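Below: one structure, written as C-alpha coordinates.
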(Lines give C-alpha, C1' and ligand atoms only; values in the text may rest on other atoms or scores of the structure.)
Protein backbone atom coordinates (compact mmCIF):
# COMPACT_ATOMS: atom_id res chain seq x y z
CA UNK A 1 0.00 0.00 0.00
CA UNK A 2 2.80 2.42 0.93
CA UNK A 3 4.76 1.60 -2.25
CA UNK A 4 1.66 2.19 -4.35
CA UNK A 5 1.05 5.54 -2.65
CA UNK A 6 4.65 6.59 -3.31
CA UNK A 7 4.26 5.71 -6.99
CA UNK A 8 1.09 7.78 -7.21
CA UNK A 9 2.85 10.75 -5.59
CA UNK A 10 5.78 10.44 -8.00
CA UNK A 11 3.45 10.31 -11.02
CA UNK A 12 1.52 13.30 -9.68
CA UNK A 13 4.69 15.34 -9.11
CA UNK A 14 5.99 14.58 -12.62
CA UNK A 15 2.63 15.52 -14.13
CA UNK A 16 2.51 18.72 -12.07
CA UNK A 17 6.02 19.62 -13.15
CA UNK A 18 5.05 19.10 -16.77
CA UNK A 19 2.06 21.39 -16.40
CA UNK A 20 4.14 24.09 -14.74
CA UNK A 21 6.70 23.78 -17.50
CA UNK A 22 4.03 24.26 -20.15
CA UNK A 23 2.70 27.36 -18.43
CA UNK A 24 6.18 28.85 -18.17
CA UNK A 25 6.61 28.63 -21.96
CA UNK A 26 4.63 31.77 -22.72
CA UNK A 27 6.57 32.53 -25.94
CA UNK A 28 6.97 29.84 -28.61
CA UNK A 29 7.84 29.35 -32.29
CA UNK A 30 5.70 27.08 -34.47
CA UNK A 31 6.88 25.82 -37.87
CA UNK A 32 4.63 24.84 -40.78
CA UNK A 33 4.09 21.31 -42.18
CA UNK A 34 6.85 18.91 -43.27
CA UNK A 35 5.43 18.65 -46.81
CA UNK A 36 3.94 21.38 -49.01
CA UNK A 37 3.12 21.78 -52.69
CA UNK A 38 4.95 24.19 -54.94
CA UNK A 39 1.92 26.49 -54.96
CA UNK A 40 1.38 26.35 -51.16
CA UNK A 41 2.87 28.47 -48.42
CA UNK A 42 5.10 27.53 -45.53
CA UNK A 43 4.66 29.51 -42.29
CA UNK A 44 6.66 30.41 -39.20
CA UNK A 45 4.51 31.64 -36.30
CA UNK A 46 5.61 33.39 -33.11
CA UNK A 47 3.00 32.91 -30.39
CA UNK A 48 2.83 34.86 -27.12
CA UNK A 49 0.54 33.77 -24.29
CA UNK A 50 -0.20 35.67 -21.10
CA UNK A 51 1.35 38.94 -22.25
CA UNK A 52 1.19 41.47 -25.07
CA UNK A 53 3.32 41.04 -28.18
CA UNK A 54 5.34 44.25 -27.97
CA UNK A 55 8.39 43.68 -30.18
CA UNK A 56 10.03 41.03 -32.33
CA UNK A 57 13.02 40.67 -34.65
CA UNK A 58 12.89 40.00 -38.36
CA UNK A 59 12.00 36.47 -39.36
CA UNK A 60 14.88 34.44 -40.85
CA UNK A 61 15.74 34.41 -44.56
CA UNK A 62 15.63 30.83 -45.90
CA UNK A 63 17.30 29.54 -49.07
CA UNK A 64 14.62 28.19 -51.41
CA UNK A 65 11.79 30.14 -49.78
CA UNK A 66 10.66 33.71 -50.49
CA UNK A 67 8.91 35.87 -47.90
CA UNK A 68 5.32 36.77 -48.79
CA UNK A 69 4.02 39.04 -46.03
CA UNK A 70 2.93 38.60 -42.44
CA UNK A 71 -0.38 38.25 -40.63
CA UNK A 72 -1.31 38.58 -36.97
CA UNK A 73 -4.04 37.26 -34.71
CA UNK A 74 -5.12 37.48 -31.07
CA UNK A 75 -7.51 35.56 -28.83
CA UNK A 76 -9.00 35.90 -25.36
CA UNK A 77 -10.33 32.97 -23.31
CA UNK A 78 -12.23 33.09 -20.02
CA UNK A 79 -12.35 29.84 -18.03
CA UNK A 80 -13.52 29.62 -14.40
CA UNK A 81 -13.23 33.37 -14.10
CA UNK A 82 -9.59 33.42 -15.33
CA UNK A 83 -8.75 35.43 -18.43
CA UNK A 84 -5.99 34.23 -20.74
CA UNK A 85 -4.86 36.12 -23.82
CA UNK A 86 -2.63 35.08 -26.70
CA UNK A 87 -1.22 36.86 -29.73
CA UNK A 88 0.64 35.57 -32.76
CA UNK A 89 2.49 36.92 -35.77
CA UNK A 90 2.89 34.65 -38.83
CA UNK A 91 5.45 35.02 -41.62
CA UNK A 92 4.47 33.33 -44.91
CA UNK A 93 7.01 31.85 -47.34
CA UNK A 94 6.51 30.66 -50.95
CA UNK A 95 8.82 27.90 -52.31
CA UNK A 96 10.96 28.71 -55.35
CA UNK A 97 11.43 25.10 -56.51
CA UNK A 98 10.55 21.51 -55.85
CA UNK A 99 12.81 19.39 -53.67
CA UNK A 100 14.18 19.39 -50.13
CA UNK A 101 14.57 22.69 -48.31
CA UNK A 102 16.59 22.83 -45.10
CA UNK A 103 15.45 25.32 -42.46
CA UNK A 104 18.46 25.76 -40.13
CA UNK A 105 18.15 26.48 -36.40
CA UNK A 106 17.40 30.14 -35.68
CA UNK A 107 16.50 32.53 -32.86
CA UNK A 108 14.12 35.49 -32.65
CA UNK A 109 14.14 38.18 -29.98
CA UNK A 110 10.53 38.56 -28.83
CA UNK A 111 9.61 41.09 -26.11
CA UNK A 112 13.26 41.22 -25.10
CA UNK A 113 13.53 37.42 -24.75
CA UNK A 114 15.48 35.16 -27.13
CA UNK A 115 13.34 32.27 -28.39
CA UNK A 116 14.99 29.48 -30.41
CA UNK A 117 13.83 26.90 -32.94
CA UNK A 118 15.72 23.76 -33.94
CA UNK A 119 14.64 24.15 -37.57
CA UNK A 120 13.50 21.28 -39.80
CA UNK A 121 13.52 19.82 -43.32
CA UNK A 122 10.62 20.57 -45.67
CA UNK A 123 9.76 18.55 -48.78
CA UNK A 124 8.30 20.61 -51.64
CA UNK A 125 6.23 18.57 -54.11
CA UNK A 126 4.59 19.41 -57.47
CA UNK A 127 1.97 22.13 -57.60
CA UNK A 128 -1.55 21.05 -56.73
CA UNK A 129 -4.32 21.61 -59.27
CA UNK A 130 -6.52 24.56 -58.41
CA UNK A 131 -10.32 24.33 -58.39
CA UNK A 132 -11.55 25.13 -61.93
CA UNK A 133 -15.25 25.47 -60.98
CA UNK A 134 -15.18 29.20 -60.58
CA UNK A 135 -18.24 31.38 -60.80
CA UNK A 136 -18.48 33.87 -63.58
CA UNK A 137 -18.69 37.44 -62.42
CA UNK A 138 -20.31 39.81 -64.92
CA UNK A 139 -18.37 42.71 -63.43
CA UNK A 140 -15.03 41.01 -64.05
CA UNK A 141 -14.09 40.33 -60.41
CA UNK A 142 -12.94 36.85 -59.38
CA UNK A 143 -13.48 36.10 -55.67
CA UNK A 144 -10.75 33.44 -55.69
CA UNK A 145 -8.24 35.85 -57.19
CA UNK A 146 -9.19 38.48 -54.61
CA UNK A 147 -8.61 35.97 -51.82
CA UNK A 148 -5.36 34.39 -53.03
CA UNK A 149 -4.01 37.47 -54.76
CA UNK A 150 -3.62 38.13 -58.48
CA UNK A 151 -0.16 36.92 -59.47
CA UNK A 152 -0.22 38.57 -62.87
CA UNK A 153 -0.63 42.10 -61.50
CA UNK A 154 1.85 44.06 -59.33
CA UNK A 155 0.61 44.76 -55.84
CA UNK A 156 -0.02 48.38 -54.90
CA UNK A 157 0.99 49.65 -51.46
CA UNK A 158 -0.29 52.62 -49.53
CA UNK A 159 1.95 54.72 -47.29
CA UNK A 160 -0.23 55.48 -44.27
CA UNK A 161 0.49 58.63 -42.28
CA UNK A 162 1.97 57.69 -38.93
CA UNK A 163 0.76 59.25 -35.67
CA UNK A 164 3.96 58.94 -33.66
CA UNK A 165 7.02 60.95 -32.62
CA UNK A 166 10.46 60.64 -31.00
CA UNK A 167 11.27 62.96 -28.08
CA UNK A 168 13.87 63.83 -25.46
CA UNK A 169 12.23 65.08 -22.24
CA UNK A 170 13.49 66.30 -18.87
CA UNK A 171 11.71 66.58 -15.53
CA UNK A 172 13.12 70.09 -14.89
CA UNK A 173 13.81 73.15 -17.01
CA UNK A 174 16.19 74.78 -14.52
CA UNK A 175 18.53 73.33 -11.87
CA UNK A 176 21.40 74.24 -9.55
CA UNK A 177 24.98 73.05 -9.91
CA UNK A 178 25.06 69.51 -8.52
CA UNK A 179 21.27 69.05 -8.73
CA UNK A 180 19.98 66.17 -10.85
CA UNK A 181 17.87 66.45 -14.00
CA UNK A 182 16.18 63.26 -15.16
CA UNK A 183 16.36 62.79 -18.93
CA UNK A 184 14.38 60.33 -21.06
CA UNK A 185 14.58 59.32 -24.72
CA UNK A 186 11.33 57.69 -25.83
CA UNK A 187 9.19 56.87 -28.83
CA UNK A 188 5.51 57.81 -28.59
CA UNK A 189 2.78 56.09 -30.61
CA UNK A 190 -0.79 57.38 -30.59
CA UNK A 191 -3.60 54.93 -29.92
CA UNK A 192 -5.13 56.21 -33.16
CA UNK A 193 -2.03 55.34 -35.23
CA UNK A 194 -2.73 53.05 -38.22
CA UNK A 195 0.75 52.90 -39.76
CA UNK A 196 2.61 49.69 -38.75
CA UNK A 197 5.91 50.60 -37.03
CA UNK A 198 8.71 48.50 -35.59
CA UNK A 199 12.08 49.08 -33.87
CA UNK A 200 15.16 47.89 -35.70
CA UNK A 201 18.91 47.67 -34.92
CA UNK A 202 18.21 49.50 -31.69
CA UNK A 203 21.48 48.59 -29.93
CA UNK A 204 23.72 50.13 -32.60
CA UNK A 205 21.44 53.12 -33.06
CA UNK A 206 21.35 53.84 -29.34
CA UNK A 207 25.15 53.69 -29.09
CA UNK A 208 25.45 56.41 -31.74
CA UNK A 209 22.61 58.49 -30.27
CA UNK A 210 24.11 58.51 -26.76
CA UNK A 211 27.46 59.75 -28.09
CA UNK A 212 25.62 62.88 -29.18
CA UNK A 213 23.16 63.20 -26.30
CA UNK A 214 25.40 62.67 -23.25
CA UNK A 215 26.52 66.11 -22.02
CA UNK A 216 30.03 66.91 -20.84
CA UNK A 217 31.07 67.78 -17.29
CA UNK A 218 28.25 65.86 -15.59
CA UNK A 219 27.88 62.83 -13.36
CA UNK A 220 25.55 60.25 -14.94
CA UNK A 221 23.27 57.78 -13.16
CA UNK A 222 22.00 55.43 -15.88
CA UNK A 223 18.65 53.70 -15.27
CA UNK A 224 19.81 50.81 -17.52
CA UNK A 225 16.63 50.03 -19.46
CA UNK A 226 16.90 46.38 -20.55
CA UNK A 227 13.40 45.58 -21.82
CA UNK A 228 11.44 48.09 -23.86
CA UNK A 229 7.84 47.85 -22.73
CA UNK A 230 5.03 50.18 -23.73
CA UNK A 231 3.38 52.30 -21.05
CA UNK A 232 0.10 54.22 -21.50
CA UNK A 233 0.30 58.02 -21.14
CA UNK A 234 -2.08 60.93 -21.69
CA UNK A 235 -0.66 63.95 -23.51
CA UNK A 236 -2.97 66.93 -23.94
CA UNK A 237 -6.05 64.75 -23.66
CA UNK A 238 -4.74 62.30 -26.28
CA UNK A 239 -3.74 58.74 -25.38
CA UNK A 240 -0.34 57.39 -26.37
CA UNK A 241 1.86 54.39 -25.70
CA UNK A 242 5.39 55.44 -24.75
CA UNK A 243 8.44 53.22 -25.31
CA UNK A 244 11.42 54.38 -23.25
CA UNK A 245 14.75 53.45 -24.84
CA UNK A 246 17.07 55.43 -22.50
CA UNK A 247 16.77 57.15 -19.12
CA UNK A 248 19.40 58.77 -16.91
CA UNK A 249 19.82 61.49 -14.31
CA UNK A 250 22.58 64.02 -14.97
CA UNK A 251 24.24 66.01 -12.17
CA UNK A 252 26.13 69.04 -13.56
CA UNK A 253 29.59 69.54 -12.08
CA UNK A 254 29.90 73.12 -13.31
CA UNK A 255 27.77 76.15 -14.16
CA UNK A 256 27.58 75.43 -17.89
CA UNK A 257 24.03 74.85 -19.21
CA UNK A 258 23.17 71.30 -20.32
CA UNK A 259 22.40 71.28 -24.06
CA UNK A 260 20.81 68.31 -25.81
CA UNK A 261 21.06 68.33 -29.63
CA UNK A 262 18.59 66.94 -32.16
CA UNK A 263 18.99 63.16 -32.58
CA UNK A 264 17.27 60.73 -34.93
CA UNK A 265 15.81 57.24 -34.46
CA UNK A 266 15.24 55.09 -37.53
CA UNK A 267 12.13 52.88 -37.46
CA UNK A 268 10.78 50.22 -39.78
CA UNK A 269 7.58 51.56 -41.33
CA UNK A 270 5.44 49.19 -43.36
CA UNK A 271 3.45 50.25 -46.40
CA UNK A 272 0.11 48.44 -46.48
CA UNK A 273 -1.18 46.59 -49.56
CA UNK A 274 -4.09 48.37 -51.23
CA UNK A 275 -5.86 45.03 -51.83
CA UNK A 276 -5.20 42.51 -49.08
CA UNK A 277 -4.90 38.83 -50.04
CA UNK A 278 -4.19 35.57 -48.27
CA UNK A 279 -1.11 34.49 -50.23
CA UNK A 280 0.04 37.85 -51.45
CA UNK A 281 2.35 40.28 -49.71
CA UNK A 282 0.15 42.42 -47.48
CA UNK A 283 2.76 44.95 -46.45
CA UNK A 284 6.09 46.25 -47.70
CA UNK A 285 9.02 47.17 -45.48
CA UNK A 286 10.44 50.69 -45.60
CA UNK A 287 12.34 52.96 -43.21
CA UNK A 288 11.64 56.34 -41.67
CA UNK A 289 13.74 58.44 -39.32
CA UNK A 290 12.10 60.34 -36.46
CA UNK A 291 13.91 63.30 -34.93
CA UNK A 292 13.80 64.77 -31.42
CA UNK A 293 13.78 68.50 -30.76
CA UNK A 294 16.85 70.19 -29.20
CA UNK A 295 16.58 71.11 -25.55
CA UNK A 296 18.54 73.22 -23.04
CA UNK A 297 18.44 72.92 -19.24
CA UNK A 298 19.61 76.06 -17.45
CA UNK A 299 22.19 75.51 -14.69
CA UNK A 300 22.27 78.12 -11.91
CA UNK A 301 25.22 78.68 -9.56
CA UNK A 302 24.76 77.92 -5.86
CA UNK A 303 24.19 80.89 -3.53
CA UNK A 304 27.25 82.46 -1.92
CA UNK A 305 28.75 80.37 0.87
CA UNK A 306 32.34 79.80 2.06
CA UNK A 307 32.02 76.09 1.11
CA UNK A 308 29.79 76.36 -1.98
CA UNK A 309 32.43 74.65 -4.15
CA UNK A 310 32.77 71.73 -1.72
CA UNK A 311 29.29 70.96 -0.36
CA UNK A 312 27.00 68.19 -1.58
CA UNK A 313 23.68 69.04 -3.25
CA UNK A 314 20.38 67.25 -2.63
CA UNK A 315 17.56 66.65 -0.18
CA UNK A 316 19.15 64.70 2.69
CA UNK A 317 18.45 63.56 6.22
CA UNK A 318 20.65 61.98 8.89
CA UNK A 319 20.30 58.45 10.22
CA UNK A 320 22.84 57.52 12.92
CA UNK A 321 23.76 54.62 15.14
CA UNK A 322 26.24 53.98 17.99
CA UNK A 323 27.14 50.76 19.78
CA UNK A 324 27.73 52.36 23.23
CA UNK A 325 27.24 55.73 24.89
CA UNK A 326 28.85 54.92 28.25
CA UNK A 327 32.41 53.60 28.38
CA UNK A 328 35.85 54.01 29.93
CA UNK A 329 38.86 55.81 28.59
CA UNK A 330 40.81 53.62 26.20
CA UNK A 331 37.74 51.56 25.22
CA UNK A 332 36.87 51.73 21.54
CA UNK A 333 33.37 52.28 20.14
CA UNK A 334 31.75 52.61 16.71
CA UNK A 335 29.59 55.41 15.39
CA UNK A 336 27.71 55.48 12.05
CA UNK A 337 26.86 58.74 10.28
CA UNK A 338 24.38 57.78 7.52
CA UNK A 339 23.29 60.42 4.96
CA UNK A 340 19.99 59.45 3.23
CA UNK A 341 17.82 61.10 0.61
CA UNK A 342 17.59 62.21 -3.03
CA UNK A 343 20.57 63.43 -4.99
CA UNK A 344 23.98 62.42 -6.25
CA UNK A 345 24.62 59.71 -3.65
CA UNK A 346 28.02 58.86 -5.13
CA UNK A 347 29.10 62.49 -4.77
CA UNK A 348 28.26 62.83 -1.06
CA UNK A 349 31.39 64.05 0.72
CA UNK A 350 32.61 62.93 4.16
CA UNK A 351 31.28 64.86 7.15
CA UNK A 352 33.57 67.60 8.42
CA UNK A 353 35.50 66.61 11.56
CA UNK A 354 36.75 68.84 14.36
CA UNK A 355 40.10 67.62 15.64
CA UNK A 356 40.09 67.45 19.44
CA UNK A 357 42.35 65.53 21.80
CA UNK A 358 39.52 64.07 23.90
CA UNK A 359 38.52 61.62 21.13
CA UNK A 360 40.81 59.76 18.78
CA UNK A 361 38.86 59.34 15.50
CA UNK A 362 40.06 57.02 12.74
CA UNK A 363 39.25 57.27 9.03
CA UNK A 364 35.77 55.87 8.28
CA UNK A 365 34.66 52.78 6.38
CA UNK A 366 32.26 53.93 3.66
CA UNK A 367 29.35 52.11 2.02
CA UNK A 368 26.66 53.40 -0.34
CA UNK A 369 23.32 52.17 -1.64
CA UNK A 370 21.70 53.71 -4.75
CA UNK A 371 18.16 53.19 -6.07
CA UNK A 372 17.02 54.57 -9.45
CA UNK A 373 13.24 54.63 -9.82
CA UNK A 374 10.62 56.90 -11.34
CA UNK A 375 12.52 60.08 -12.16
CA UNK A 376 14.73 60.23 -9.06
CA UNK A 377 17.97 58.83 -7.73
CA UNK A 378 17.68 57.93 -4.05
CA UNK A 379 19.86 56.11 -1.58
CA UNK A 380 22.23 56.42 1.34
CA UNK A 381 25.93 56.78 2.07
CA UNK A 382 27.12 55.52 5.46
CA UNK A 383 30.34 56.56 7.22
CA UNK A 384 31.34 54.15 10.03
CA UNK A 385 33.87 55.61 12.45
CA UNK A 386 36.09 53.81 14.96
CA UNK A 387 36.88 56.01 17.99
CA UNK A 388 38.79 55.83 21.30
CA UNK A 389 38.09 58.32 24.14
CA UNK A 390 41.23 59.72 25.83
CA UNK A 391 39.77 61.89 28.59
CA UNK A 392 36.88 61.34 31.04
CA UNK A 393 33.81 63.58 30.73
CA UNK A 394 30.58 64.01 28.78
CA UNK A 395 30.84 64.81 25.12
CA UNK A 396 28.31 65.87 22.48
CA UNK A 397 29.17 64.29 19.12
CA UNK A 398 27.66 67.29 17.35
CA UNK A 399 30.82 69.13 18.43
CA UNK A 400 32.89 66.70 16.37
CA UNK A 401 30.81 65.93 13.24
CA UNK A 402 28.79 68.05 10.81
CA UNK A 403 27.59 67.64 7.24
CA UNK A 404 26.91 70.87 5.35
CA UNK A 405 24.91 70.61 2.09
CA UNK A 406 22.70 72.67 -0.19
CA UNK A 407 19.09 71.56 0.18
CA UNK A 408 17.39 71.54 -3.24
CA UNK A 409 13.95 71.36 -1.63
CA UNK A 410 14.33 74.52 0.49
CA UNK A 411 16.97 76.11 -1.79
CA UNK A 412 19.04 76.91 1.30
CA UNK A 413 22.19 75.57 2.95
CA UNK A 414 21.56 73.07 5.71
CA UNK A 415 23.65 71.19 8.29
CA UNK A 416 23.24 67.65 9.62
CA UNK A 417 24.65 67.03 13.12
CA UNK A 418 24.64 64.02 15.47
CA UNK A 419 22.17 63.79 18.36
CA UNK A 420 24.22 61.36 20.46
CA UNK A 421 26.08 62.20 23.65
CA UNK A 422 28.67 59.92 25.25
CA UNK A 423 29.76 59.65 28.89
CA UNK A 424 33.38 58.67 29.54
CA UNK A 425 34.74 57.53 32.89
CA UNK A 426 38.22 56.47 34.00
CA UNK A 427 41.64 58.04 34.17
CA UNK A 428 43.15 60.43 31.69
CA UNK A 429 45.33 58.80 29.06
CA UNK A 430 47.55 61.84 28.77
CA UNK A 431 50.01 60.34 31.30
CA UNK A 432 50.14 57.13 29.27
CA UNK A 433 51.24 59.12 26.27
CA UNK A 434 53.92 60.86 28.32
CA UNK A 435 55.30 57.52 29.57
CA UNK A 436 55.44 56.23 25.97
CA UNK A 437 57.31 59.34 24.95
CA UNK A 438 59.80 58.93 27.84
CA UNK A 439 60.48 55.29 26.90
CA UNK A 440 61.39 56.45 23.45
CA UNK A 441 64.05 58.66 25.09
CA UNK A 442 66.23 55.63 25.93
CA UNK A 443 67.30 55.63 22.29
CA UNK A 444 68.47 59.19 22.54
CA UNK A 445 70.28 58.52 25.84
CA UNK A 446 72.70 56.19 24.02
CA UNK A 447 73.83 58.98 21.75
CA UNK A 448 76.52 60.04 24.26
CA UNK A 449 78.09 56.56 24.15
CA UNK A 450 78.60 56.70 20.38
CA UNK A 451 81.74 58.13 18.71
CA UNK A 452 81.33 61.55 17.16
CA UNK A 453 84.16 61.05 14.66
CA UNK A 454 83.34 61.05 10.95
CA UNK A 455 84.11 57.80 9.10
CA UNK A 456 84.92 57.47 5.43
CA UNK A 457 82.37 55.28 3.65
CA UNK A 458 84.52 55.35 0.54
CA UNK A 459 87.35 53.41 2.22
CA UNK A 460 84.89 50.82 3.46
CA UNK A 461 83.51 50.27 -0.04
CA UNK A 462 87.06 49.75 -1.46
CA UNK A 463 87.83 47.00 1.06
CA UNK A 464 84.52 45.27 0.20
CA UNK A 465 85.51 45.13 -3.49
CA UNK A 466 89.00 43.78 -2.68
CA UNK A 467 87.54 41.02 -0.51
CA UNK A 468 85.02 39.99 -3.19
CA UNK A 469 87.74 39.81 -5.90
CA UNK A 470 89.89 37.67 -3.61
CA UNK A 471 87.02 35.18 -3.10
CA UNK A 472 86.37 34.92 -6.86
CA UNK A 473 90.07 34.27 -7.65
CA UNK A 474 90.37 31.63 -4.89
CA UNK A 475 87.27 29.82 -6.12
CA UNK A 476 88.53 29.83 -9.75
CA UNK A 477 91.95 28.42 -8.77
CA UNK A 478 90.38 25.64 -6.69
CA UNK A 479 88.06 24.68 -9.53
CA UNK A 480 90.97 24.59 -12.03
CA UNK A 481 93.01 22.24 -9.77
CA UNK A 482 90.09 19.86 -9.30
CA UNK A 483 89.41 19.65 -13.05
CA UNK A 484 93.12 19.06 -13.82
CA UNK A 485 93.34 16.13 -11.36
CA UNK A 486 90.24 14.48 -12.80
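The values are calculated or read from the model by the stated rules, or taken from the named source; none is laboratory data. If you're wondering where the values come from, they're calculated on a predicted model, not measured in any experiment. Neighbour counts run over all protein chains shown; Cβ positions are idealised from the backbone, glycine included.
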It is to be established whether one or more residues within the range 242-260 are over 19 Å from residue 183 (Cα atoms) and either modelled with pLDDT under 90 or not assigned by TED's automatic domain parsing to the domain that holds residue 53 (or both).
no
Condition first: out of contact with any strand residue (DSSP E or B) (no Cβ under 8 Å at 6 or more places or on another chain), surrounded by fewer than 19 Cβ atoms within 10 Å (Cβ to Cβ), assigned to a loop (DSSP other than H, G, I, E, B) and outside the structural domain of residue 219 (by TED's automatic domain parsing). Can you find one or more residues in the range 388-410 that meet it?
yes
So residue 210, is it assigned to a helix (DSSP H, G or I), within 25 Å of residue 313 (Cβ to Cβ), modelled with pLDDT of 90 or more and not assigned by TED's automatic domain parsing to the domain that holds residue 372
yes
Taking the range 273-292 as the search range and keeping residues that are touching a strand residue (DSSP E or B) at 6+ places or on another chain (Cβ under 7 Å) and assigned to a loop (DSSP other than H, G, I, E, B), which one is modelled with the highest pLDDT?
292
Which of (1) out of contact with any strand residue (DSSP E or B) (no Cβ under 7 Å at 6 or more places or on another chain); (2) closer than 18 Å to residue 375 by Cα does residue 236 not meet, given it meets every other one?
(2)
Exactly one of 265, 318, 327 is at pLDDT 95 or above, in the same structural domain as residue 374 (by TED's automatic domain parsing), surrounded by 13 or more Cβ atoms within 10 Å (Cβ to Cβ) and over 19 Å from residue 172 (Cα atoms), and that residue is 318
